[in-house]
1. Go over the candidates Ile175, Ile104 one by one and state the one that is open to solvent by 50 Å² or more (accessible area, probe 1.4 Å) and in contact with a strand residue (DSSP E or B) (Cβ under 6 Å, 6 or more places away or on another chain).
2. Within region 35-51, how many residues are farther than 17 Å from Ile173 by Cα and of a type in the set (Val, Ile, Thr)?
3. Considering only residues of region 108-125 that are open to solvent by 40 Å² or more (accessible area, probe 1.4 Å) and farther than 15 Å from Pro160 by Cβ, which is nearest to the chain's Cα centre (by Cα)?
4. Would region 20-31 turn up any residue that is buried (at least 17 other Cβ atoms within 10 Å of the Cβ), closer than 19 Å to Ser171 by Cα and in contact (Cβ under 8 Å) with a residue 40 or more places away in the chain?
5. Sort out which residues of region 145-162 are more than 19 Å from Thr129 (Cα to Cα) and either at pLDDT 85 or above or surrounded by 14 or more Cβ atoms within 10 Å (Cβ to Cβ) (or both), and write them in order of number.
6. Is it the case that some residue within region 71-80 is within 13 Å of the chain's Cα centre (by Cα), open to solvent by less than 50 Å² (accessible area, probe 1.4 Å) and farther than 27 Å from Lys16 by Cβ?
7. Please go through region 91-107 and give me each residue that is among the acidic types (Asp, Glu) and either within 18 Å of Ala37 (Cβ to Cβ) or under 12 Å from the mean Cα position of the chain (by Cα) (or both), ordered by number.
8. For residues that are touching a Lys or Arg at 6+ places or on another chain (Cβ under 7 Å) and open to solvent by 20 Å² or more (accessible area, probe 1.4 Å), scanning just region 81-101, find the one that is farthest from Val125 (Cα to Cα).
Amino acid sequence: SAWRSVDAKKVLKTLKDLRDNTQKFLRGHTDNICCVALSNDGKLLASGQKTHMGFNADVLVWDLETMSIKYRCALHKVEVTDLAFNCDDSCLATLGGRDDNRIIIWNLANGKAIREERFDGGLSVRWFTNHTDKLVSGGHDGAMVWNYRGGAGGKMEGSPVSLGKMQRVVSSIAINK
């Protein structure tokens, strides 16, 4: 599938099936979409938006079989910079921008936030390929490996990644299988 903008004023997005050249419209965001992620099983799509100062930036989780919104997650302020599904698609990690500075873990069984931590200047987040409880975030202040334990109220501990003496900005992350 491929995304392309149809009408930025109406905030419509098109999902195009490249096999048969059909298009479906996803309607639900109130402002510009700035990041998307496809679940590992291909059944869910998450999209995050950027909005204006003082407003929440929604994350929408779409059911691609019904082409409908499954969950609207509205805790980030101004911008969602990145999002990622864990390896079994049971959780979604979302990363807020400079005005928000939070990483939030969402339970995809019910659409509720189950944990949040501060992470200043975040730009990118990825789950480990074979672990449902480990993820990496990167940004203006380097990178952090997070261990998430437990359900609602579970513990989340971060360890900084040593990237040498030079200051680095981590704008994207790829995890090897």
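1. Result of the check over Ile175, Ile104: Ile175.
2. Residues in region 35-51 being farther than 17 Å from Ile173 by Cα and of a type in the set (Val, Ile, Thr): 1 in total.
3. By that ranking, first place goes to Leu123.
4. No, region 20-31 has no match at all.
5. If the condition is that a residue be more than 19 Å from Thr129 (Cα to Cα) and either at pLDDT 85 or above or surrounded by 14 or more Cβ atoms within 10 Å (Cβ to Cβ) (or both), then Pro160, Ser162 are the ones that fit.
6. For region 71-80, residues within 13 Å of the chain's Cα centre (by Cα), open to solvent by less than 50 Å² (accessible area, probe 1.4 Å) and farther than 27 Å from Lys16 by Cβ: present.
7. The answer is Asp100, and nothing else.
8. Out of the qualifying residues, it is Asp99.
The values are calculated or read from the model by the stated rules, or taken from the named source; none is laboratory data. Please read these numbers as outputs of a predicted model, since none were measured by experiment. Every residue, glycine as well, gets a Cβ built from its backbone with ideal geometry; the counts of neighbours run over all protein chains shown. Ligands, DNA and RNA are stripped out before the accessible areas are found, and what is left, the full protein with its side chains, is counted by its heavy atoms. Shrake-Rupley method; radii C 1.70, N 1.55, O 1.52, S 1.80 Å.
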